[in-house]
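A short reminder: the numbers here are calculations on the coordinates, not readings from a lab. Computed from a predicted model, the values in this text were never measured in an experiment. In this analysis, Cβ positions are derived from the backbone assuming ideal geometry, glycine residues included, and neighbour counts consider all displayed protein chains.
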Amino acid sequence: LASIEREGNRYRNGSLVAYWHSYYNGLPIYGDTGVAMMFNDSGLVEYKRRLYSSVHPAGAPFMVGDFKEAVISALAIIEDKGLLPAAGTPYLLEEIELVYVAVQTTSPSRIVPAWVIRINGLDLLINARDLSWLEGVNR
């Protein structure tokens, strides 16, 4: 475990805790850790795995809103919520990525396609279908 600790993993109660994110159709699932394992020198102590239900079958094509429209929606949210940068600071689009987001409304959790848009250090998750803000969902 000493070599693993040097690689930046976390310890809890004397055990190493490792996390893995889940993917669906090649896109990451945001909003929750897919797998968590806790182990120590004696072996595996705890194992947790999240199960997700998709809004459409695996491999099935789905339509998403245009990324340019998603950026416009994100800018409107920033303005509407008063999250504007300091006066004179230009907007900087740092990242845009198509992902799935875990929505905790049912069991098992549903995943929906979303755009992750980072502007001036602020992450916004925009529903890829209707371009609405997925407020309260964390990356």
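Modelled spin labels at Phe67 and Leu84, positioned 7 Å past Cα toward Cβ, are 2.8 nm from each other. FRET efficiency for Val17 and Asp123, Cβ-Cβ distance as r, R0 = 25 Å, nearest 0.05? In this case the efficiency is close to 0.55.
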